[in-house]
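Novice: Pasting a structure below so you can have a look.
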Amino acid sequence: MKHRILCAALAIVMIFSLCACAASGDSASGHTLYVRDEYSHDSIDATFLSTDGGESKTVTMKSLGEDDGATLFSCEGDTEKFDRVVFTYNDESTIELAFNDYVSGWQIDSHHFTPYTYEGVNDTPTFTRVKFDYESRKKDICIWTPGDYDANSEEKYSVIYMTDAQNLFDPSATSTGSWGVAEAVRGMMKESSNKCIIVGIENPPGYRDEELTPNLGKSTQDSYDDGKGIEFCDFVYNTVVPYVEENYNVYADPQHNAVCGSSSGGIECFYIGMEHPEKFGTIGALSPAFGLFDNATWDKYLAEKDFSAGYPFVYIYNGNSDKDQLEQYLLEGAEDMPDNLKKIGYPEDKIVVKVYDKGMHNEMHWRAVFPEFLKYMFPQTETPAE
């Protein structure tokens, strides 16, 4: 309200404010959001949305001029009220994108959109590839560290262990791009004091479904019986994690370690987190294949778990597009899982389910919500480990 009084007193400031969404901002929770537009549209509107309250607000972004062949825009939004944003230009709109105070911005480009860091590094992520023996073959692990990674700093780095490393970093990995995880973490690090590295585990075609399906009993889909997700979990916990903790400047406590994946990777990461709550404090299950097992099987499995080391925070995301039958099929399992967890006394404040009605089963939609997962993960890290 203070700046409205100032605008009334100073006409030139009022004119400036009307050009930017800061004119609608207006609270201590206002967060500056940037868009780098490679197509240099004349104007862009930002519509902020609340997935919980249903509120929305549309503002016209302020043009900040040219940025190396693209046009840069900015505005402000209330991160206490809104958690998604849609950008509209000409007659086109993006899908819903995560909006919170860890999001520096978004870039509109040939890959539809990518997390963007204002006045930061925005090049294609590079990573270190390490090979491990895995059953009768080699398995690649891709380890991404931020450009200013300091192996000797007193403050250590959090770690996100992720499945499907082959689709995490390369923007040309799939027809809908990559997950854009490194770009999202860069933005978070610019906007906060959080530090993080990403450890991706590749899951090649021909092995993926088998590797990422825990054998919990009879599957609802016969082709998924006898999965080897238990062996994959053991590999992550007994081989990958010790290697990372020995060779990188990272925390070892569960508050600073997460596991995250989508589809089959979503159910496998949930399984890994349930098996090792003493190591992983946050689970990201995006479009998870929980429906591979019925609720009775889940109830039996969860009832046998020991959470004396603590309850991991469980973030579940799922789409519900009528154009994607697979995503709609998975939605029932995503919505049932909180009830399955509550039956064993799992704390309600340790579970969140986010549903996007137009969400589909691909990297573009997982890229859109990954910064939302980061926001749920990193409040757990506010108190550094001893």
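The values are calculated or read from the model by the stated rules, or taken from the named source; none is laboratory data. Bear in mind that the values here come from a model prediction, so they are computed numbers and not experimental data. We place every Cβ from the backbone using ideal geometry, glycine too, and count neighbours over all the protein chains shown.
Novice: Quickly run through the stretch 208-227 and pick out the residues that are over 16 Å from G261 (Cα atoms) and assigned to a loop (DSSP other than H, G, I, E, B).
Specialist: N215, L216, G217, K218, S219, T220, Q221, D225, D226, G227
Novice: Let me ask you something else. Quick check on the stretch 247-268. Is at least one of its residues of a type in the set (S, T, Y), over 20 Å from A182 (Cα atoms), assigned by TED's automatic domain parsing to the domain that holds V185 and touching a His at 6+ places or on another chain (Cβ under 6 Å)?
Specialist: No, the stretch 247-268 has no match at all.
Novice: Moving on to the next point. With the condition kept exactly as written, say whether any residue in the stretch 301-319 is touching a Gly at 6+ places or on another chain (Cβ under 6 Å), assigned to a strand (DSSP E or B) and under 22 Å from Y376 (Cα atoms).
Specialist: Yes.
Novice: At least 1 residues that are among the charged types (D, E, K, R) and farther than 22 Å from T213 by Cα in each: list the strands (runs of 3 or more DSSP E) lying fully within the stretch 128-168 that qualify.
Specialist: Because the criterion is at least 1 residues that are among the charged types (D, E, K, R) and farther than 22 Å from T213 by Cα, the strands (runs of 3 or more DSSP E) in the stretch 128-168 that meet it are 128-134.
Novice: For the stretch 187-207, give me each residue that is under 19 Å from S262 (Cα atoms), part of a loop (DSSP other than H, G, I, E, B) and in contact with a strand residue (DSSP E or B) (Cβ under 8 Å, 6 or more places away or on another chain).
Specialist: E202, N203
Novice: Give me the pairs: first residue in the stretch 327-355 and assigned by TED's automatic domain parsing to the domain that holds E304 and surrounded by 13 or more Cβ atoms within 10 Å (Cβ to Cβ), second residue in a helix (DSSP H, G or I) and β-branched (V, I, T), beta-carbon distance under 9 Å, and six or more apart or on different chains, which are they?
Specialist: G333/I267; K354/V369
Novice: Scanning for something modelled with pLDDT under 95, in the same structural domain as K228 (by TED's automatic domain parsing), within 30 Å of E246 (Cβ to Cβ) and surrounded by fewer than 16 Cβ atoms within 10 Å (Cβ to Cβ), does the stretch 127-136 turn up at least one residue?
Specialist: Within the stretch 127-136, the first condition is being modelled with pLDDT under 95, and the residues that meet it are 135-136.
So of that shortlist, the ones also in the same structural domain as K228 (by TED's automatic domain parsing) come out as 135-136.
So of that shortlist, the ones also within 30 Å of E246 (Cβ to Cβ) come out as 135-136.
Now narrow it down to the ones that are surrounded by fewer than 16 Cβ atoms within 10 Å (Cβ to Cβ): 135-136.
Yes, the stretch 127-136 contains a residue that is modelled with pLDDT under 95, in the same structural domain as K228 (by TED's automatic domain parsing), within 30 Å of E246 (Cβ to Cβ) and surrounded by fewer than 16 Cβ atoms within 10 Å (Cβ to Cβ).
Novice: Still on this model: Just the residues that are under 15 Å from P338 (Cβ atoms) and either among the acidic types (D, E) or at pLDDT below 95 (or both), please, taken from the stretch 265-317.
Specialist: Passing the criteria: only D299.
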